[in-house]
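Each remark here refers to the structure printed beneath this line.
Computed from the coordinates by the stated procedures, all read-outs in this text should not be read as laboratory data. For clarity, every value in this text was computed on a predicted model and none was experimentally measured. Here the Cβ positions follow ideal geometry from the backbone for every residue, glycine too, while neighbour counts run over all protein chains shown.
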Ligand code: ATP
């Protein structure tokens, strides 16, 4: 069961170079996660505690998972991912057991980076802790906090969590010694969008009529994940047309198609 709920990647391949538009966030994550793993003596000598846990927050598809994977890769750490939603979809007691397993596994595989996606699923403010489902979620969260509190003796384990819903979080998890380093990962601005476009098209055969700088300007509100899909979609149009080069018109068609999908999305929700 433990193998199903957790994703273990002993050697992730994502590097910092694959991440565009969030240089400042990369720098902060390295400082909070990489430096304490690579250079623990420095923290001891200076006499500061490294952050216990790092919380990445921001809209979907902005690179939070990539950041966690990249830092594991660059420190040769095992990457262990658990989705918060997995921790709550369980029978009584299973959530806390999974949390224990998670930290045990990390201790076996250290150095390790634990990544808990959708942390809000286990740690949101709740108005009604009397219902049994909520009480169970609460227990899972308490288990997580107690694992983090007993952390120092556990060796080379760093923990990163992510959420799209910062406003929903229970403040208990943000106290010192817990997720005490907060890093916002926003949607990219225009320069960031251009960087991300360049990253995702670097192995693509892009025609000379494609101006990535101009394209980036038109991609208002696109996340990194949207830009990745746009690039792939543009490539698909070229292939459908039996061409070897991706042209400007392919990007245009891809954009139209994504805008259409967006509309159907909101129709479905309405
Ligand atoms: P979620 O909150 O939905 O889990 P996330 O922030 O963790 O999203 P990722 O899983 O890191 O997002 O990104 C999804 C994909 O989108 C990546 O695999 C990558 O292809 C692309 N992507 C997202 N952000 C960036 C970025 N900043 N630079 C390059 N590619 C990006």
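Relative to the longest principal axis of the Cα atoms of the chain, helix 132-149 runs at roughly 80 degrees.
Between residue 259 and residue 174, the C-beta separation translates, for a Förster distance of 25 Å, into a calculated FRET efficiency of about 0.10.
For the stretch 143-270, the alpha-carbon coordinates run over 58, 40, 25 Å along the three principal axes, in decreasing order. With bins 5 Å wide beginning at 0, the percent of Cα pairs of the stretch 1-58 falling in each bin runs 4, 13, 18, 20, 19, 15, 9, 2, 0. Pairing the Cα long axis of helix 190-201 with the longest principal axis of the chain, what angle in degrees results, from 0 to 90 and rounded to the nearest 10? The two axes meet at around 80 degrees.
Here the extension length gained between residue 204 and residue 190 equals 2.9 nm, from 0.36 nm per residue of separation less the Cα-Cα distance.
Stretching residue 165 away from residue 243 to a fully extended chain increases their span by 23.8 nm, per 0.36 nm per residue minus the current alpha-carbon distance.
As a proxy for reagent exposure, ranking 250, 209, 9 by other Cβ atoms within 10 Å from fewest up yields 209, 9, 250. Between residue 97 and residue 139, the distance separating the two model label sites (each 7 Å from Cα on the Cα→Cβ line) works out to 1.1 nm. For the stretch 193-252, the Kirkwood estimate of hydrodynamic radius, built from reciprocal distances between every pair of different alpha carbons, is 11.3 Å.
Within the stretch 51-203, the ratio Rg/Rh, alpha carbon atoms throughout and Rh by Kirkwood, equals 1.00. With Cα atoms as the point set, the radius of gyration and Dmax of the chain evaluate to 20.7, 63 Å. Hey, in the GNM for the chain with a 10 angstrom Cα cutoff, which one of 214, 32, 52 fluctuates hardest? With Cα springs under 10 Å in the chain, the top fluctuation among 214, 32, 52 is at 214. Sorting the segments 40-50, 236-246, 15-25, 197-207 by their mean number of nearby beta carbons within 10 angstrom, highest to lowest, gives 15-25, 197-207, 236-246, 40-50. Rounded to the nearest 10 degrees, the angle from helix 94-108 to the longest Cα principal axis of the chain is 80 degrees.
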